[in-house]
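Here's the structure, in structure tokens; my notes come after.
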Amino acid sequence: MTPGNNGASTPEDDDPFGYLYADGQANGAQPPSGGYGYPNSVNRVRPVGTRQYGAPQSQGAQTAAYGQAAPPQQGAYGQPQGVYGQPNAHYAAPETLPGGGGGAAGPQQPSGHGGGGGRRGPNTKGLLIGAVAVVAAVVIGIAVAMTSSGTDDDKGGDEAGGDTTPTQSQSTGPSPSASGGGDDEVELPSVEAKAMRLSPGMGTASDIEGAEADGGVYVTGFNQVGAKVTWTVDGIEKAGSYRLNVRYGIPGKDADATLVVNGKASPRPLNMKNFGGTPEGDWEKGWQTTWANVNLTKGTNTIELACNEGDQCNVNLDQFWLETESQ
């Protein structure tokens, strides 16, 4: 098809690019005005290859014809730009820069810890200190555990052979020759039934077995109001509190009496309960021991056991003896 008028035609039949060819120009083809509707479009016809493209650079770079090599252009900082695909003499790989590290070109700031491109190595000193501290803690823990174990063993031995001194709610055998403890301590006084001073109406007997006084003798007749036994204690070398032990016998029933020391009655009666739980009416199995704290002066003291109104005095008396309060 050739550009031109082929008869009745529509705008679609016109070759819009006919003006570019010689036969189109011979037939009077003209380029469209306004550059195909784009303002400021180029509307001058130039032979192919003669038009220059691009504009002068801001630094006065020369323009080259289409297809010709362009001269080197100036960069933003006055440095010549290299041709695409050609190495740039002003470019250097990051690994060739001072410091040998990546990142932006240019000298790096020296590290405060020195060496190796600014990176810190492992803190081996801190690790060594931590390891030593852990070992020390383990050794200390083992030593403490061994010490505690030894202490517990010692305590167990003490408990196995510890103090078995009876309390007021316990029963034990008599100790007529009780002393304060070791060989260096002075032996404290004791008394048997036949050596006590008895009030009228009282007496001694030995027909009930189990009394530990000399000859098995014990005091009878205490089961009446007004009955009283008196013990005069000599040889107290130091004033203070002592433990008075009393061995008694009951027929399987609880008993009590009033304790009087140096003329002063104790506010609490001497408890002579059936601690052993012996059968009622059995006097032979009813021998037991009780105690109470008494305050004595240096020298001679008087200890009395009386059956007053309200006391339960159906009891036989065997022996009295003193001990230091700590026993």
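The values are calculated or read from the model by the stated rules, or taken from the named source; none is laboratory data. The model shown is predicted, which means the values in this text are computed figures rather than measured ones. Glycine also receives a Cβ, built like all others from the backbone with ideal geometry; neighbour counts cover every protein chain displayed. Heavy atoms of the whole protein, side chains included, go into the accessibility calculation; ligands, DNA and RNA do not. Shrake-Rupley method; radii C 1.70, N 1.55, O 1.52, S 1.80 Å.
Quick notes
- Residue match in the stretch 268-278 (condition: hydroxyl-bearing (Ser, Thr, Tyr), out of contact with any Cys (no Cβ under 8 Å at 6 or more places or on another chain) and under 17 Å from residue 307 (Cβ atoms)): no
- Selection status of residue 220, at pLDDT 95 or above, closer than 19 Å to residue 200 by Cα and touching a Gly at 6+ places or on another chain (Cβ under 6 Å): yes
- Any chance residue 324 is hydroxyl-bearing (Ser, Thr, Tyr), modelled with pLDDT under 95, open to solvent by less than 70 Å² (accessible area, probe 1.4 Å) and in contact with a Leu (Cβ under 8 Å, 6 or more places away or on another chain): yes
- Residue within the stretch 226-239 that is at pLDDT below 95, open to solvent by less than 60 Å² (accessible area, probe 1.4 Å) and not β-branched (Val, Ile, Thr) present: yes
- Residue check for residue 281: assigned to a loop (DSSP other than H, G, I, E, B), touching a Gly at 6+ places or on another chain (Cβ under 8 Å) and either open to solvent by 40 Å² or more (accessible area, probe 1.4 Å) or over 17 Å from residue 219 (Cα atoms) (or both): yes
- Near pairs, Cβ below 7 angstrom, 6+ apart or cross-chain, from the stretch 214-237 (without any contact (Cβ under 8 Å) to a residue 24 or more places away in the chain) to any residue that is in a strand (DSSP E or B) and open to solvent by less than 70 Å² (accessible area, probe 1.4 Å): 214/192; 221/203
- Test: residue in the stretch 251-264 that is assigned to a strand (DSSP E or B) and free of Cβ contacts under 8 Å to residues at least 40 places away in the same chain: yes
- Under the condition of being open to solvent by 60 Å² or more (accessible area, probe 1.4 Å) and over 30 Å from residue 299 (Cβ atoms), the residues counted in the stretch 189-219 number 5.
- Filtering the stretch 300-320 for residues that are outside any loop (DSSP other than H, G, I, E, B), among the aliphatic types (A, V, I, L, M) and under 56 Å from the mean Cα position of the chain (by Cα) leaves an empty set.
- Test: residue in the stretch 261-274 that is crowded, with 16+ Cβ neighbours inside 10 Å and within 19 Å of residue 235 (Cα to Cα): yes
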